[in-house]
Amino acid sequence: MFHQIPGKVLVRMRELEQMDATERRDGKEHSERLRQIPSGTGRFLTLMSASAPEGGFIEIGTSGGYSALWISLACRALGRRLTTFEIAEAKVALATETFRKAGVDDIVSIVSGDAREHLGGQSDVSFCFLDVENKLYEECYEAVVPSMVSGGLFVADNAISHAGDLSSFLDRAESDRRMNSMVVPVGKGVLLARRV
């Protein structure tokens, strides 16, 4: 997958990386920044999602669509679809543009609004990536895990960089007998959990 990334996807990835770097350099308000994952985390997401069993792929927290582009590489290879949720209207518009420009809008669908209002309707989830405000992690986790298939993978970002803020969530995931979990030191640290 990494050796055959379509040109349009690569171009849009580079554009988003540049936008993110510029926003950070210029000190744009934290809540309005893209705050996207590093490319190493993106590669990790591609490999993990490509290893997921049969079922649906979801992402909670789209931002500009950068992480979804990495997951879309696995979707394209496996013939799967990704549904991604984003609450900020400006980011929904940016991600919609991302998916169109990268040519992945046939396999990536964005839902505008609070993911928590939609997660109860999900079923047979085989892969979930979570990257939202810290205070929402545990609630989203509890909404998704019951809908996951056996062997399904749940990945959450910022498990090391925000370990203090996410301590309750991380403790819950690591003690959850429905899941086997560990923190992986890639990027800002990710929680990787597999459904029993």
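The values are calculated or read from the model by the stated rules, or taken from the named source; none is laboratory data. Here the structure is a predicted model, which means the values were calculated and not measured. A quick note on method: Cβ atoms are made from the backbone with ideal geometry, for glycine too, and the neighbour counts reach across all protein chains shown.
From the list Glu15, Glu23, which one is over 20 Å from Val111 (Cβ atoms), surrounded by 15 or more Cβ atoms within 10 Å (Cβ to Cβ), at pLDDT 95 or above and acidic (Asp, Glu)?
Glu15
In region 3-12, what residues are free of Cβ contacts under 8 Å to residues at least 60 places away in the same chain and within 21 Å of Val186 (Cβ to Cβ)?
The initial filter retains those residues of region 3-12 that are free of Cβ contacts under 8 Å to residues at least 60 places away in the same chain, namely 3-4, 7, 10.
The answer is His3, Leu10.
Pick from region 18-71 the residues that are touching a residue at least 60 places away in the same chain (Cβ under 8 Å) and of a type in the set (S, T, N, Q): which of them is nearest to Phe127 (Cα to Cα)?
So, considering only residues that are touching a residue at least 60 places away in the same chain (Cβ under 8 Å) and of a type in the set (S, T, N, Q), the one nearest to Phe127 (Cα to Cα) is Ser49.
Taking region 162-196, which residues are among the acidic types (Asp, Glu), within 19 Å of Gly152 (Cβ to Cβ) and part of a loop (DSSP other than H, G, I, E, B)?
Taking region 162-196 as the starting set, the residues that turn out to be among the acidic types (Asp, Glu) are 165, 171, 174, 176.
Subset that is within 19 Å of Gly152 (Cβ to Cβ): 174, 176.
Result: Asp176, single match.
Listed residues Phe85, Phe154; which is farther than 19 Å from Arg35 by Cβ, in contact with a strand residue (DSSP E or B) (Cβ under 8 Å, 6 or more places away or on another chain), part of a strand (DSSP E or B) and among the aromatic types (Phe, Trp, Tyr)?
None of the other options fit; the residue is Phe154.
Restricting to region 38-70, what's the tally of residues that are part of a helix (DSSP H, G or I) and either modelled with pLDDT under 95 or out of contact with any Lys or Arg (no Cβ under 9 Å at 6 or more places or on another chain) (or both)?
Qualifying residue count for the region: 12.
Which residue, of Arg100, Arg178, is charged (D, E, K, R), without any contact (Cβ under 8 Å) to a residue 60 or more places away in the chain and touching a helix residue (DSSP H, G or I) at 6+ places or on another chain (Cβ under 7 Å)?
Arg178
When you go through Val184, Val92, Val190, Val145 one by one, which is the residue that is under 19 Å from Phe44 (Cβ atoms), at pLDDT 95 or above, surrounded by 17 or more Cβ atoms within 10 Å (Cβ to Cβ) and of a type in the set (Val, Ile, Thr)?
Being under 19 Å from Phe44 (Cβ atoms), at pLDDT 95 or above, surrounded by 17 or more Cβ atoms within 10 Å (Cβ to Cβ) and of a type in the set (Val, Ile, Thr) holds for just one of Val184, Val92, Val190, Val145, which is Val190.
So which of Glu59, Glu86, Glu54 is of a type in the set (D, E, K, R), at negative phi and surrounded by fewer than 24 Cβ atoms within 10 Å (Cβ to Cβ)? Please lay out each step first, then the result.
Details: Glu59 fails: surrounded by fewer than 24 Cβ atoms within 10 Å (Cβ to Cβ); Glu86 fails: surrounded by fewer than 24 Cβ atoms within 10 Å (Cβ to Cβ).
Matching residue, one of Glu59, Glu86, Glu54: Glu54.
Out of curiosity, is Ser126 over 25 Å from Gly187 (Cα atoms) and assigned to a strand (DSSP E or B)?
no
Exactly one condition in (1) within 17 Å of Gln4 (Cα to Cα); (2) touching a helix residue (DSSP H, G or I) at 6+ places or on another chain (Cβ under 8 Å) is not met by Leu82; state its number.
(1)
For region 135-178, give me each residue that is over 16 Å from Met48 (Cα atoms) and hydrophobic (A, V, I, L, M, F, W, C).
Listed by number, the residues that qualify are Leu136, Cys140, Ala143, Val144, Val145, Ala159, Ile160, Ala163, Leu166, Phe169, Leu170, Ala173.
Conditions: (1) under 17 Å from Gly56 (Cβ atoms); (2) over 13 Å from the mean Cα position of the chain (by Cα). Ala68 meets all but one. Number of the miss?
Of everything listed in (1) under 17 Å from Gly56 (Cβ atoms); (2) over 13 Å from the mean Cα position of the chain (by Cα), Ala68 misses just condition (2).
Please specify each residue of region 97-117 satisfying the condition of being buried (at least 18 other Cβ atoms within 10 Å of the Cβ) and either in a helix (DSSP H, G or I) or acidic (Asp, Glu) (or both).
Passing the criteria: Thr98, Phe99, Ala102, Ala115.
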